[in-house]
Structure formats: C-alpha cells, structure tokens
Amino acid sequence: MKTINIYITILALLNMSCVSSFKSGDEGGQMHYYTFEIDGKKVGYYEEKDDKGVFYSNARMEIGGEVMENPFWIKHENGQVLAYKFGESDFIEFKQESNVFPSSSIPLLLASLKSGEVFTYRSFHEGAGKVEGAATLTKTENKIEEMVNGSLTRYFIMENGKVLTYCWGGTAFSHKVSTKEEALIGTVWE
C-alpha cells in the first residue's frame, strides 16, 4: 500500500509546477534520459526533449506489476507556453496569464534561474485544468527548491543549465544518465 501511495504522490507532483518566461535549453531535439527510483529501487525511467518549440516529457514506471506512463507535451514560443497536452488528449490552448505556468513546463523554467534568485508564480495543474496554488522556485548554488502553497514539494540539482537530478518528492528521484540503455537497466524495459 505504501508503494501505491508513493506512486499517487509522484503523479501529483509530476503534474504540479512553474518564470515569467523561460529560455529553451535544447532546440536540437536531443532526448535526455534519467532513472526513476522510489525508496532507492529503480522502478522505471524518465525522458525529456525540447525540439522546435515542443517540450516532451514522460515518466514510465512499473509498480506492483502494473506499468504506468505519464507523458506531457508543452508547445512554447519566445518563452511563453502556447498549449499543453497529456496522455491521449489533444493539445489544449493555454492562454497564459501573468505568472501562471503549467506544471510540466518546469524543466524549461529551471535553466532561467540564477543563484540567489526567487521566482514566484501560480502553478497550473494540467489534469485538473486550473491553477492549484501559489508557488516559488528558489535557487541556491546548483539546487532549486519548489514550494507550493508554502510546502516544499520537490527540488532539482542543476549543472550548466541542465537538470542532473529531479527529486519528485519524498523518496522518488530521477538521475541523469548518458543513454536510454543505461536508463533501462534493471527495469521491465531492459
């Protein structure tokens, strides 16, 4: 039961997040791969890429024999979110209000922060289709912490503008690896 509760929390955190505009960090479309671990056990992998104005991310995991997937897409231009998509849905136009960002756009926003900077925004939950709370991103050296409604929800370790580690909350982590093959080691996709 603990594992299922952690999974539900992770999905909620993956959907929660994020800077008045962002800089696109990887227009070349290169896929980046990460492990996906809960309680120190590898349960899947996470992948993301930014290609020609569309940012894609997906967490795939296997818990208790059930395979789960959480894909998101963000269309963006000149630092603004234009539309989002999740799961099997079609793109949904996003009329960006001041300081409102979809949660799945957070990887695009992280590279924009400088050490010592605090960014305040309203987090938009794509699944619910509404703003879910006041949020802040605070960068200290290479770590960015996210607070939503006053509670620490997750943090990120950065290097040269790229995410090395996602802490999705609790004991759920994703660590950057070099290849998809490395991300798949020890998973049902190996």
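Condition first: within 16 Å of the chain's Cα centre (by Cα) and open to solvent by 30 Å² or more (accessible area, probe 1.4 Å). Now tell me which residues in region 57-78 satisfy that.
Arg60, Glu69, Trp73, Lys75
So which strands (runs of 3 or more DSSP E) stay within region 23-120 end to end and still have 2 or more residues that are closer than 15 Å to Ala183 by Cα and out of contact with any helix residue (DSSP H, G or I) (no Cβ under 7 Å at 6 or more places or on another chain)?
32-38, 41-51, 54-63
Only one of these is within 26 Å of Gly40 (Cα to Cα), buried (at least 17 other Cβ atoms within 10 Å of the Cβ) and not β-branched (Val, Ile, Thr): Leu152, Leu164, Leu110. Name it.
Testing whether each residue is within 26 Å of Gly40 (Cα to Cα), buried (at least 17 other Cβ atoms within 10 Å of the Cβ) and not β-branched (Val, Ile, Thr) leaves just Leu110.
Of the residues Ser98, Ser178, Ser115, Ser104, which single one is polar (S, T, N, Q), open to solvent by less than 60 Å² (accessible area, probe 1.4 Å) and on the phi < 0 side of the Ramachandran plot?
Ser104
The rows are residues; the columns are (1) modelled with pLDDT under 90; (2) open to solvent by 40 Å² or more (accessible area, probe 1.4 Å); (3) in contact with a Phe, Trp or Tyr (Cβ under 6 Å, 6 or more places away or on another chain); (4) hydroxyl-bearing (Ser, Thr, Tyr).
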{"position": "Met1", "(1), (2), (3), (4)": "yes, yes, no, no"}
{"position": "Tyr7", "(1), (2), (3), (4)": "yes, no, no, yes"}
{"position": "Leu14", "(1), (2), (3), (4)": "yes, no, no, no"}
{"position": "Cys18", "(1), (2), (3), (4)": "yes, no, yes, no"}
{"position": "Met31", "(1), (2), (3), (4)": "no, yes, no, no"}
{"position": "Phe36", "(1), (2), (3), (4)": "no, no, yes, no"}
{"position": "Glu47", "(1), (2), (3), (4)": "no, no, yes, no"}
{"position": "Phe55", "(1), (2), (3), (4)": "no, no, no, no"}
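Identify all residues within region 129-141 that are in a strand (DSSP E or B) and either in contact with a Pro (Cβ under 9 Å, 6 or more places away or on another chain) or not polar (S, T, N, Q) (or both); write none if there are none.
Lys130, Val131, Glu132, Gly133, Ala134, Ala135, Leu137, Lys139
Of (1) more than 17 Å from the chain's Cα centre (by Cα); (2) surrounded by 15 or more Cβ atoms within 10 Å (Cβ to Cβ), Phe86 satisfies all except one. Which?
(1)
Scan region 120-131 residue by residue and report those that are surrounded by fewer than 19 Cβ atoms within 10 Å (Cβ to Cβ) and either over 15 Å from the mean Cα position of the chain (by Cα) or of a type in the set (A, V, I, L, M) (or both).
Passing the criteria: Thr120, Arg122, Ala128, Gly129, Lys130, Val131.
The values are calculated or read from the model by the stated rules, or taken from the named source; none is laboratory data. Computed from a prediction, not measured in an experiment: that's the story for all the values here. Glycine gets a Cβ as well: all are built from the backbone with ideal geometry, and neighbour counts include every protein chain shown. When the accessible area is computed, the model is the full protein with side chains, heavy atoms only, and any ligands, DNA or RNA have been set aside. Shrake-Rupley method; radii C 1.70, N 1.55, O 1.52, S 1.80 Å.
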